[in-house]
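One structure is given below, encoded as structure tokens.
Bear in mind that the values in this text are calculations on the coordinates, not laboratory data. Source: prediction; values computed, not measured. Cβ placement follows ideal geometry from the backbone for every residue including glycine, while neighbour counts extend to all protein chains displayed.
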Amino acid sequence: MSQKSFCDINANYTTFAVRKQIFMKAKIYTLLFSLWLPLTATALETTNDSTKTKEKHPMFISLKGEYGTAIKTNDYLKETGKLGYSSLSLRYGFSPKKHSWGNNAYRLPYAGVGLSMHHTEDDAFGHPFTLYLFQGSEVASIFKWMSLFYEIQLGYSANWGHYDRFRQPKNITIGSGENVYVGGNMYLKFLLSKHWDLNLGAGFCHFSNGANMMPNKGMNIVTPFMEVAYKFNETQKRPDTAFVKPERTNKIDHQIIATLSSRQKYYSVIGTGLSTQYVNHKHRVYGLSYARLFVPSYKYKWGPSLDFLYDESSQAYATRDFNPTDGKEYDNVHLGDPIKRFSMGLSLKGEVKMSFLTYFANLGYDIIHYNDYDARLYEIIGVKCDLTPNLFCMFGIRATRFSRAQFFCWSLGYTLKQ
């Protein structure tokens, strides 16, 4: 057996780690940039030409403090009991102009970018930070001076203390120094004055690398928060004129979506000679899907989707083997039958269009399925942004059993309208 057939983790760890960090950062920055473009483009739109020179976009800067606790979702957090969490965020946001049709259609929408510094009770998690985009809008107006709002966040988090088989072998919560951040909250907005707002609420956030690096148990956090915001330009209000819904030009969308990703998996240590189930080996994942979506409203669409997947991790296994060339042992990953790397699933897909971005979800079942590591039932949830009237990009995460992440979905799609 040649030396090239073995996976020498120790000898190539530094080079691999550097390449992984560069590749991960490039994907995350590309995602944030692609999402930021439609946010700013939408905010600059207005449907009243006569007000373009008179109106200014409402903007705000804010300081947000959170103090919460991690949920005991894995053995490490249960064992240590160190669950305390706090963060401080500096945020900038903007809204459409008062007479923009979207300001009324989506109930005072806003979007922006935030930078958070996190602190955890457990020093093993280091000193992470998060750069994220956010989007929200009003749920209900309670009084003139108080309203209920929601918000969703998506971003890139780094500088985490993470699992290391030598230095932190028990830290299975965070498996990599770089993670994706997903969060959401509900809060009450109090209008203190023309320029000042006070927001009080609670949220939930999740840090995970989406099985890009094992282990990947992830961290789930519940966070009550308080935010003080200073507003520029006019106070955002819904226009007094009646809202006119946009004309619907099509009833059915045909979506073709291509996905490119990679993943890791857990390997059995029984009878394989492995000292750990975490073998640092990435498997390629390619996907192609076709969705026929009904468009009953400008706000949402739904329909069936046929999903094809090539997953290199299907039926792959690893062993600890002796290399006679240099007399050393290496972790060796063996791929399964090429035919059994393919799967085909049927899912129900839904999209909800918000003022700046679109959220989507799939619930599906693999009809053709060979991967014993994953269940047939799968879920995909993520965000979509339109690059042109027909071309769009998507970012999401695919999971099984509503809990185990399979991989991140980096997708590009095209819509044919009927």
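Along its principal axes, the range 339-418 has C-alpha extents of 40, 25, 19 angstrom, given from the largest down. Between ARG284 and PHE308, the distance separating the two model label sites (each 7 Å from Cα on the Cα→Cβ line) works out to 1.6 nm. For ALA316, the amide hydrogen comes within under 5 Å of the amide hydrogens of GLY336, counting only partners 5 or more places away or on other chains and with H modelled in the peptide plane. Comparing PRO128, PRO96, LEU63 along the charge dipole axis of the range 53-137, the residue lying farthest to the positive side is PRO96, per the Cβ-charge model.
Model label sites at LYS417 and THR388, defined 7 Å from Cα along the beta-carbon direction, differ in position by 1.4 nm.
Measuring against 22 Å, Cα to Cα, the residue pairs LYS282/LYS384; LYS97/LYS189; LYS64/LYS299; LYS98/LYS349; LYS217/LYS301; LYS349/LYS384 contain LYS282/LYS384; LYS64/LYS299; LYS98/LYS349; LYS217/LYS301 as the ones spanning a longer distance.
Among 202-213, 320-331, sorting by the average number of other beta carbon atoms lying within 10 angstrom of each residue, highest first, gives 202-213, 320-331. Ordering PHE356, PHE392, ILE381 by Cα displacement along the dipole of the range 347-393 toward the positive end leaves PHE356 in first place; charges were set at the Cβ atoms of Lys, Arg (+1) and Asp, Glu (-1).
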